[in-house]
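No value in this document is a laboratory result; all are computed from the given coordinates. Quick caveat: nothing in here was measured; it's all calculated off a predicted structure. Glycine also receives a Cβ, built like all others from the backbone with ideal geometry; neighbour counts cover every protein chain displayed.
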Amino acid sequence: MSLGGVAAAIAALAPACSQGEGDGRIVGTLDAPDCWTGAFELEPDFLAAVPYRDALTLRIQSGSDFQNFSDGLTILINDRTKIRPDPSRGFAGRYREPLPVDLPPAVTPPGMPVRGDASPALVNMTLYLQRSCRTQTVTLQAVDEVTIPADGTCTAQALLGADPTQGCAPDKELPAGVGSGKSVIAFTSISNGKLDEETAAERLNAGCFDVYLADPREATPDGPPPPCRGHIRGSFSFFFERGRPSQPFP
């Protein structure tokens, strides 16, 4: 599957979601050529979840317009049953555990071979800047590994966000620096896409992340990882709600 195909698939889901009650914040630094270079902050006011079978797509966005005209972040949980606790099958869950974030194994840039992965990442993440970068389509993908340039363009500022390795502390001030170079996310709650839960807490989606962004098209076969195009940290907490789809027409 191409990178454009993944973005299109997520965009197709986006208009069918309904806004949930909650909040979030994303901060860091970006290096998107001809669009955005320097400190970045997204204060989302649209948070939504789209369940599909065992998958769950979280959309954290500024404004409720279509993704094609907005700035925001999508988090795709490929199989929430491998993260969410399930007492019926004796599964304790993986809450507060730092989970790797990477591209799906089948998503490769042109000219790059598809490589097998015995343990693919459960979570994929995309930052889109369609409102800020109106002259071009800009999406950056969270990847497992990047090449960090020596000029400091991927060095994070003093980031206010959450540290997944410390169990999601949303108001913790983190030091500046390049960090670990590894993209991770930790959840403290994941909804199962149902409204008939016994408590509202079972409909909560909450977590935090520390990820490195890249344009995978800049990778080369058998070469180094793609150059770092961003380092962001953030947290989110909102309830899954089902209602009228968010769309710009009656």
- [ ] Return the long-range amide H neighbours of Glu241 (sequence gap of 5 or more, or a different chain), with a cut-off of under 5 Å between placed amide H atoms.
- [x] Ala49
Open item on the list: Run the numbers for Phe69 and Ala201: contour at 0.36 nm per residue of separation, minus the present Cα-Cα distance, in nm.
Closed with: 44.3 nm
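Determine, for each peptide in 92-101, 140-149, the mean count of other beta carbons within 10 angstrom over its residues, then list the peptides with the highest first.
My ranking of the peptides, most packed first, is 140-149, 92-101.
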TODO: Mind checking the full-extension length gain between Phe91 and Asp222? Use 0.36 nm per residue of separation minus the Cα-Cα distance, one decimal, nm.
DONE: 43.3 nm
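Based on the mean of other beta carbon atoms within 10 Å per residue, what is the order of 72-81, 46-55, most packed first?
Packing proxy ranking, top to bottom: 72-81, 46-55.
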TODO: Could you please report the charge total around Phe46, scoring K, R as +1 and D, E as -1 over all other residues with beta-carbon less than 9 angstrom from its beta-carbon?
DONE: -1
